[in-house]
Amino acid sequence: MKEKLHVGSKDLTRVGSILLPLVLFWVILQFRIPPFFSQYFLVYSVELFGIVFILYYLAFRLPGNFGTLACLGLTMTLIALTLSYKWTSGFSDNFIIGGLVPYKDAKNYYVGANLILDGTPPLGAGQATERPLFPGFLSFLLLVTAGNLKISLAILGQLVGIGLYLSARQIRNSFGALAASCYAALLFFIQSGIGYTMSETLGVILGCFGFVIIWLASYNPKWPDLLLGLFTLMVAVSVRPGAFFIFPMLAIWVGWIFRGEKKFSLKATFYTVAMVLIGYLLVNSIYSRLLGIPPGYSFGNFSYAIYGQVRGGTGWFSAIRELGTRNPAAVYRAALEFFLDHPFSLFIGFAKAYRDFFLFNDRSIFPFAGPGWQYWANLCLWLGALTLLVLGLIQLWRSLRSNLSSLLIAGFIGIFLSIPFLPPIDGGSRFYVSTMPFFYVLPAIGISRFSKETRQLIPSDRELRGDLAAARFFSISIVALTVIAPLVIFSLGQKPIYTLPVCPARQEPFVLETHDGSYVDLVKKGSSTCGMIPEVCLHDFESNNVERQVDDYYQAILALIEGSPGNARIISAIDQVKSQPHYFFISHDKMPGDLSSGLITGCAVEINTQNQSIYEVKSILPGAR
């Protein structure tokens, strides 16, 4: 009886070590952490890297459940503080307005998710049309949260933290605390995407879980786990298009570990390649068509990257600037014609891509930044990370016959071969987020050479089973919610029923749906309390707006709020009348009571900025909801 009670208490302690950090994440978000403190988690700096590295090292050194509690708790705290800054500072940039409302590329994904909820093909929504997997997953989050964008973004952030922790845990179990701390601190650069409706977030989540399953399968190779890990990774790379050449290299690795008495198993490699191709068709071509997206739209922007490369590494925007079109077929034709006339130019583009990826610059895979004295600290950190990368590769090469070592070598080669087709000039290191665990593990292994802990530790069976079960659960769940759930939502979705409003001349009738946690109120000084979304202090919105001086959209919004008699609300929504997205600016004096959730109809004047459309609401009709 005592033994049973002892085992039961151990299980409860283990469950508590997992649940408490997850609850802590939500508790932190309930408080207004002073922005002067949380702002340090906004930019991935050399100081932040150092602090995160030290904290993880101290946490990973703790044994058993105490280690789980400390490491997962630290991860949840770091992610929550990153999100807290956006929620309390009114931060605005190219992707977010007032710390919450999606902007530009992020808006397109958000619009795509709402179109799917309405049962409408996500056409004309830019990135959502080209990469519909993330809008599909976001549509599910919005469905279960009753359209609450704030909670949906928090769930995404927490999933990022779980993926980061679980992948770092594998490195801790195999190479020690120092290696795991290095990996976690490097991968924490993904904090820059927390709080945005951008595809990189889901890409890194699935990338971490796919990495964990394949890593653990290297200890005990079984086809179900390998196929699940590869499919999860395929979905990750399709969500945020990235290093696709990793898949042929992993297929070769599978042929190696299933060689049996032979030198190599062509059959195992063939099965893996077939699985990858089937997975690619399912999650890209077939999925898109079932959402009503015609062939040719998926990955259409890849044509811009190819054009920039054949032009000698001029970047994706050169295609739009020089050709004056966004038609992928036309861009591909122009790229082919230029390549036939100037074939050497392509190799110049390739060389520039490798230069930007590895050498010290703001597009490097080791993305440290900072002016003044920080330049030299960043330079030293970059040089140290690059040295550790080489040491890690040497260590893995010396133990190449190990399943794990050969896996990581194969992953690195796959990423390396992909670099010319994912030039950093087009987006820096964010193109690689879905396969980043396979890269950042290499300098982590390199630093393990300086640890007193035994290298290539063998995790216990209980650790392997527990972590594999967790990774399977998250992988299967998130993949299903990314690929299957949106198709069901789309098939059942219906546009709201409304009565078309009648408006005065020169005003546009509109109908929109609004939800709790999906708008921001700009609050003037002294009018009411503010400082936590959705109530954003106007002073914070002005002070923490990095695009205010150059973006005419923000200039227009500030002009509108200045001319408003009181506070005002900004909503990003689809006008159901014309099925077009707009930013709705509603002065509070035009709002009849609480408009936090429901259907709104009224009349507005359209204001067009260079890239955005603002509906300045003039009236909201009675009985609108």
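Report the Cα centroid-to-centroid distance between region 132-164 and region 552-591 in angstrom, as an integer. Here the two parts' Cα centres lie 25 Å apart. Contact order, relative form, for the chain: 17 percent (alpha carbon pairs under 8 Å, 6 or more residues apart, mean separation divided by residue count). Among the chymotrypsin sites (Phe, Trp or Tyr not before Pro) found in region 258-290, those both in a DSSP coil and sparsely packed, with 13 or fewer other Cβ atoms within 10 Å of their Cβ, are Phe264. The long axis of helix 328-341 is offset from the longest Cα principal axis of the chain by roughly 50 degrees.
Matching the structure-derived Rg/Rh (Cα atoms, Kirkwood Rh) against the labelled list [x] 0.98; [y] 1.10; [z] 1.03 gives the label [x].
Here is how the number arises for the chain: DSSP H runs of 4 or more residues each give -39500 (n - 2.57), the sum is divided by the residue count, and the result at 222 nm is -18500 deg cm²/dmol. Of the residues Thr609, Thr232, the one with the fewest other Cβ atoms within 10 Å heads the list, and the complete ranking is Thr609, Thr232. Note on Leu386, Leu522: ascending count of other Cβ atoms within 10 Å places them as Leu386, Leu522, the fewest first.
The stretch between Val546 and Ala559 holds 3.0 nm of extra length on full extension. This uses 0.36 nm per residue minus the Cα-Cα distance. For the chain, the longest principal axis of the C-alpha atoms and the axis of helix 149-175 are separated by about 10°. Annotation: cysteines of the chain without a disulfide-compatible partner (Cβ-Cβ under 4.7 angstrom) are Cys71, Cys182, Cys208, Cys380. Scaled against 2.2 N^0.38 Å for its residue count N, the alpha carbon radius of gyration of region 429-577 is 1.73. A Cβ-based charge dipole, computed about the Cα centre of the chain with Lys and Arg at +1 and Asp and Glu at -1, lands at about 1960 debye. Seen from all directions on average, region 545-625 presents a Cα convex hull projection of 5.7 nm². The string of couplings for region 544-551 from the Karplus curve (6.51, -1.76, 1.60, θ = phi - 60°) is 9, 10, 7, 10, 4, 6, 10, 9 Hz, one whole number per residue in order, with x for Gly and Pro.
Using alpha carbons only, the radius of gyration of region 302-341 set against its Kirkwood radius gives Rg/Rh = 0.90. Could you check what % of the DSSP bridge pairs in region 508-620 are antiparallel, to the nearest 5? Roughly 80 percent of the DSSP beta bridges within region 508-620 come out antiparallel.
If R0 equals 60 Å, the separation of the Cβ atoms of Leu464 and Val502 corresponds to a calculated FRET efficiency of about 0.35.
Within the chain, DSSP assigns beta bridges of which about 80% are antiparallel (rounded to the nearest 5).
We did not get these values from a lab; they are worked out from the coordinates using the rules stated. Keep in mind that what you see is a predicted model, and the values were worked out from it rather than measured. Here the Cβ is made from the backbone with ideal geometry for all residues, glycine too, and neighbour counts use every protein chain on show.
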